[in-house]
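A.B. asks: Okay, here's the structure, questions in a sec.
The values are calculated or read from the model by the stated rules, or taken from the named source; none is laboratory data. Note that the coordinates shown come from a computational prediction; the quantities given were computed from them, not determined experimentally. Here the Cβ positions follow ideal geometry from the backbone for every residue, glycine too, while neighbour counts run over all protein chains shown.
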Amino acid sequence: MRIRTAAAAVLALTLLTSCGTTTGSTKDTSLRIATEDQIGNELKQVSAKVQEALAVKGRTGQSEALNFSDCQDKGTEKGSRDAIHFWQIDDLAPADLDPAIDRLNAYFKANGWDGLGHERTADKADLQTWGKNPEKTVAVFAQSFHPMNRIIVRVSSNCFKPPAG
């Protein structure tokens, strides 16, 4: 059951950041031109704001990953890319997990994020939240993970086109 709930949340996040879509589900065929370095820096800046909003102290960096891949949307321009910055905070007090997710959700609401979700997992053990930034270029999914006293975070980019040359 936990896997299905996490998969549904990741699917929701993927839909939030799908290539070329905008609010109202109309296709925007123009892709943002950016280098992988620019996108990576943007994701890391958002990650820093997310970490600040979570407001917990723990061990980070053990599983941090910044991955680039080709966009999966069949209608997307050839050569378009997307990116995911996946990281976690470990060694947290169990009582700190859900309040941190609540603070992140409050940050999303206070800063005009779209596509918000905030709910318990199907087994009611963990709390998750997600949203897309007002510029509609980055989405965030975060979840408490009580069995390991951990918060997992996935920051993902909208599809972009590397500059020619």
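A.B. asks: Tally the residues that are under 9 Å from GLY58 (Cβ atoms) and in a helix (DSSP H, G or I), restricting the search to region 80-105.
C.D. replies: 1
A.B. asks: Same structure, new question: The conditions are (1) in contact (Cβ under 8 Å) with a residue 40 or more places away in the chain; (2) among the small types (Gly, Ala, Ser); (3) under 30 Å from ARG32 (Cβ atoms), and ALA110 fails exactly one of them. Which is it?
C.D. replies: (1)
A.B. asks: Sticking with this structure for a sec: Looking only at region 135-151, count every residue that is within 20 Å of ALA34 (Cα to Cα), of a type in the set (S, T, N, Q) and either part of a strand (DSSP E or B) or modelled with pLDDT of 95 or more (or both) and tell me the total.
C.D. replies: In the first step, residues of region 135-151 are kept if they are within 20 Å of ALA34 (Cα to Cα); the result is 135-140.
Next cut, of a type in the set (S, T, N, Q) only: 137.
Adding the requirement that they be either part of a strand (DSSP E or B) or modelled with pLDDT of 95 or more (or both) leaves none.
Residues that pass the stated criteria total 0.
A.B. asks: Could you tell me which residue of region 29-46 is farthest from GLY79 (Cα to Cα), considering only residues that are touching a residue at least 40 places away in the same chain (Cβ under 8 Å) and among the small types (Gly, Ala, Ser)? Please lay out each step first, then the result.
C.D. replies: Here is the first cut: in region 29-46, the ones touching a residue at least 40 places away in the same chain (Cβ under 8 Å) are 29, 31-36, 39-40, 42-44, 46.
Filter once more, so that each one left must be among the small types (Gly, Ala, Ser): 34, 40.
Details: ALA34: 12, GLY40: 17 Å.
Checking each candidate, the answer is GLY40.
A.B. asks: From the set of residues in region 129-153 that are within 14 Å of ALA48 (Cα to Cα) and small (Gly, Ala, Ser), which is farthest from the chain's Cα centre (by Cα)?
C.D. replies: ALA142
A.B. asks: Next up: Checking GLN62 against (1) over 21 Å from ASN158 (Cβ atoms); (2) part of a helix (DSSP H, G or I); (3) of a type outside the set (Gly, Ala, Ser); (4) at pLDDT below 90, which single condition isn't satisfied?
C.D. replies: For GLN62, the exception is condition (2).
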